[in-house]
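Each reported figure results from applying straightforward, stated rules to the coordinates on display, with no laboratory input. What you see is a predicted model; the values in this text were computed from it and never measured. All Cβ positions, even for glycine, are placed from backbone atoms using ideal geometry, and neighbour counts span all protein chains on display.
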Amino acid sequence: MKITLAGSPGSGKSTLRRMLAEHYGLKTKGTGDFMRELSSKHGYSDITQFLVEYVSEHPEVDHQVDEEQRIYGEQNEDFVLDAHLGFYFVPDSVRICLICDLKEAARRILEDTERTTEEAKTIRESIDTSQKRRDTMRRNFLSLYKVDIDDRSNFDLLLDTSILSSAEVFERVSTFIDEQTSNI
């Protein structure tokens, strides 16, 4: 089973990725993790600043990350991939998109002590940087691939996680996946 997760920052993709992997016995991969590593290697402590200032001027970074996920999708089975363009590069996956109210997503990001590449200190700063990051990625992907990450028709399931617990998100998504895979 191949599952791709996309969505806005703070929507719960990383948490859901871990839960799905454990439940279904899947490998995991997250392009956000890779981008965070790259941002540190290039001297950026903030991922949004890295995307806006560096990646936008160096499309080879996006190409490298995207080619890696395409190859991963072709050469592997039984994984969950947390990647904004996973639906595009792994078209034979169950394609899931999580969305979240900006204020709630900002609160989650600020409370996540494992996020070390985000410099926002207030809800407003977190909202602004999340929106800037999303807008930059959307613009870059439209320019590079003519793919709109905000086009909801790219996904098999679109779920608003704003008022849902991680357990509720997992329950809804796993029920959907079970229904989809039972029809194969």
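Numerical summary
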{"item": "Of the chymotrypsin sites (Phe, Trp or Tyr not before Pro) in region 83-177, those whose Cβ has at most 15 other Cβ within 10 Å and which sit in DSSP loop", "result": "none"}
{"item": "Diffusion constant of the chain at 10 °C, which comes from Stokes-Einstein with the Kirkwood Cα-pair radius and 1.306 mPa s, µm²/s", "result": "96"}
{"item": "Label zone at Arg138 (point 7 Å along Cα-to-Cβ), backbone N below 15 Å, region 47-72", "result": "none"}
{"item": "Span from the region 28-52 Cα centroid across to the region 166-181 one, whole angstrom", "result": "29"}
{"item": "Distance between modelled label sites at Phe176 and Lys103, nm, 7 Å Cα→Cβ extension", "result": "2.5"}
{"item": "Check: region 1-121 dipole with +1 on Lys, Arg Cβ and -1 on Asp, Glu Cβ, in debye", "result": "420"}
{"item": "Choice from Ser11, Ser45, Ser126 with maximal GNM fluctuation in the chain (Cα, 10 Å cutoff)", "result": "Ser45"}
{"item": "Neighbour cut-off at most 16 other Cβ (10 Å), DSSP loop, chymotrypsin sites (Phe, Trp or Tyr not before Pro), region 51-80", "result": "none"}
